[in-house]
Amino acid sequence: KNEVEQSPQNLTAQEGEFITINCSYSVGISALHWLQQHPGGGIVSLFMLSSGKKKHGRLIATINIQEKHSSLHITASHPRDSAVYICAVNPNAGGTSYGKLTFGQGTILTVHP
Amino acid sequence: EPEVTQTPSHQVTQMGQEVILRCVPISNHLYFYWYRQILGQKVEFLVSFYNNEISEKSEIFDDQFSVERPDGSNFTLKIRSTKLEDSAMYFCASSASGNEQFFGPGTRLTVL
């Protein structure tokens, strides 16, 4: 079983729609990351969360530590938001953490004009 | 804005050859990582490096792999004898504190 599961695997939306991508994890964590991977392969960090909610522009990320669940929301989606969105966690191994990330399989988002 | 750089962007090699993938992390960062992504699969952790030594490594990171920080700026991943299954995108990342990580653009390794 994967330690980090994302849903949906593929998501198609029309420009302007509100989008939600979900992430569930099965291990204790010290932090959860949302990353964006562009078609060329480059990875950009969007958010790092250990509790609550963060907002940056049209992007909102939330985390529920008790339920081991996080969501990434995109408001007023735009074709330039088309990318792969990846959830990754820092597993809490109980000792010193050096920041290793465990990744979900990614959600492919396509936003049509 | 500081960024992580990687060279080369694409490396093609014959099976059994040694390759060295190079990374220049952000200059004041202390934690360094290598990840790989086989085409169509998720990103996987290979190794982390802190205080001039390996701090964590995955089961993928066997004796064929090694990392080095030969000077104050470069961070390298060496694969001693490449296999077909080593074909993947390799990402370097760095972090100031072991929390938020900044990724390089990746090196696409193709083993023939």
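The values are calculated or read from the model by the stated rules, or taken from the named source; none is laboratory data. In this text the structure is predicted, and so the values were computed from the model without any measurement. Every residue, glycine as well, gets a Cβ built from its backbone with ideal geometry; the counts of neighbours run over all protein chains shown. Surface accessibility is based on the protein's heavy atoms, side chains included, excluding ligands, DNA and RNA. Shrake-Rupley method; radii C 1.70, N 1.55, O 1.52, S 1.80 Å.
A few comments on the model shown:
- Residue count for segment B:50-108 under the criterion of being out of contact with any Phe, Trp or Tyr (no Cβ under 9 Å at 6 or more places or on another chain) and of a type in the set (Gly, Ala, Ser): the result is 6.
- B:Gly16 at pLDDT 95 or above, within 14 Å of another protein chain (Cβ to nearest Cβ) and on the phi > 0 side of the Ramachandran plot: no
- Segment A:98-113: number of residues that are surrounded by fewer than 20 Cβ atoms within 10 Å (Cβ to Cβ) and hydrophobic (A, V, I, L, M, F, W, C): 1
Conditions (1) more than 18 Å from A:Phe103 (Cβ to Cβ); (2) open to solvent by less than 10 Å² (accessible area, probe 1.4 Å); (3) touching a Pro at 6+ places or on another chain (Cβ under 7 Å), marked per residue:
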site	(1), (2), (3)
A:Gln14	yes, no, no
A:Ser24	no, no, no
A:Leu49	no, yes, no
A:Ala76	yes, no, no
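- Taken over segment B:29-66, the criterion of being in a strand (DSSP E or B) and away from chain A (no Cβ under 13 Å) is satisfied by B:Phe65, B:Ser66.
- Segment A:26-47, residues that are surrounded by 15 or more Cβ atoms within 10 Å (Cβ to Cβ), in contact (Cβ under 8 Å) with a residue 24 or more places away in the chain and of a type in the set (S, T, N, Q): A:Gln36, A:Gln37
- Going through (1) crowded, with 18+ Cβ neighbours inside 10 Å; (2) at pLDDT 95 or above; (3) closer than 24 Å to A:Cys87 by Cβ one by one, B:Leu21 falls short only on (3).
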